[in-house]
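The values are calculated or read from the model by the stated rules, or taken from the named source; none is laboratory data. Note that the structure is predicted; figures quoted are calculated from it, not measured. Cβ: placed from backbone, ideal geometry, glycine included. Neighbour counts: every protein chain shown.
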């Protein structure tokens, strides 16, 4: 919310200077120059909030390498220090096995990548996507809208049972920059409660709607033991492009540690098709594996690198 106020103040100042210039109180050249500075500053504030790379407001996971390899997820506390949120089933939550660990698997030649999906569960596309992943024996991460999860708990349970990571997107898909502190807290707490009720596990990964975050959003995530996960590859599959375009955009950015943002869902009010994404994923799994990449869920990657 703070970033919205700051942005608005800069834009308002730009308009005031333009108006003063038109009235002749100052030279038009000066008015245009000062207004341009304020507009750039406002745009910079917006970019800092929405740009998915970097840690302007605290630790954000944008690549797999940002995940600590010891079975915990680090996230910023309101005071700036980091706390550790144990992964479900990690060494921090279960006793060590009697037998010694045999060692991590060999790293594939192309490294690791993660396919992640937002806005589900969303029939029939989440169902079809799970069918593709099962057929290809690939794991992924789903950032769920808990309000949708309430409507389709069977899909959430299926995703978990088939080895996928279930993370939180929100209880209701809202722009968190526009919410009050109380609304942020309630949205996340409700979302966690719903997913815990369905899966029996507390979600530890959270992707803010649109990836938008500022200091206040990061502080609330930390207070609720949620690690913020965005992405490094964004093919913009929600814009109505076809499977070949989605496929090409991901392949062009494929690299070790990449986290790919895709969508299996949409707002229940729009009913957009996600078939192009489902079809693209089938192509991507085969091609990425041919290049030596191992496709993993977030939990799976951390388990491998413990």
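Total residues in segment 150-170 satisfying the condition of being without any contact (Cβ under 8 Å) to a residue 60 or more places away in the chain, outside any helix (DSSP H, G or I) and crowded, with 19+ Cβ neighbours inside 10 Å: the figure is 5.
Restricting 210, 173 to those that are modelled with pLDDT under 95, surrounded by fewer than 22 Cβ atoms within 10 Å (Cβ to Cβ) and on the phi > 0 side of the Ramachandran plot reduces the list to 210. Can you say whether residue 270 is surrounded by fewer than 23 Cβ atoms within 10 Å (Cβ to Cβ) and either at pLDDT below 95 or assigned by TED's automatic domain parsing to the domain that holds residue 170 (or both), as far as the supplied structure shows? Here the answer is yes, as residue 270 does meet what is asked.
When 210, 196 are checked against the criterion of being closer than 23 Å to residue 147 by Cα, part of a helix (DSSP H, G or I) and either in contact (Cβ under 8 Å) with a residue 40 or more places away in the chain or within 18 Å of the chain's Cα centre (by Cα) (or both), 210 stands alone in meeting it. Set side by side, the residues 248, 191, 242, 257 differ, and just one is in the same structural domain as residue 146 (by TED's automatic domain parsing), farther than 29 Å from residue 110 by Cα and at pLDDT 95 or above, which is 191.
Starting from residues that are in a helix (DSSP H, G or I) and in contact with a helix residue (DSSP H, G or I) (Cβ under 6 Å, 6 or more places away or on another chain), keep the ones in segment 131-149 and report whichever is nearest to residue 193 (Cα to Cα). First the steps, then the outcome.
Within segment 131-149, the first condition is being in a helix (DSSP H, G or I), and the residues that meet it are 131-136, 146-149.
The next check asks that each one be in contact with a helix residue (DSSP H, G or I) (Cβ under 6 Å, 6 or more places away or on another chain); those that pass are 132, 136, 146, 149.
Working: 132: 29, 136: 32, 146: 9, 149: 11 Å.
Ranking the candidates gives 146 first.
Check segment 284-294 and report whether any residue there is part of a loop (DSSP other than H, G, I, E, B) and either surrounded by 18 or more Cβ atoms within 10 Å (Cβ to Cβ) or touching a residue at least 12 places away in the same chain (Cβ under 8 Å) (or both).
Yes - at least one qualifying residue is present in segment 284-294.
Scan segment 217-229 and tell me whether some residue there is assigned to a loop (DSSP other than H, G, I, E, B), more than 18 Å from the chain's Cα centre (by Cα) and in the same structural domain as residue 112 (by TED's automatic domain parsing). Within segment 217-229, not a single residue is assigned to a loop (DSSP other than H, G, I, E, B), more than 18 Å from the chain's Cα centre (by Cα) and in the same structural domain as residue 112 (by TED's automatic domain parsing).
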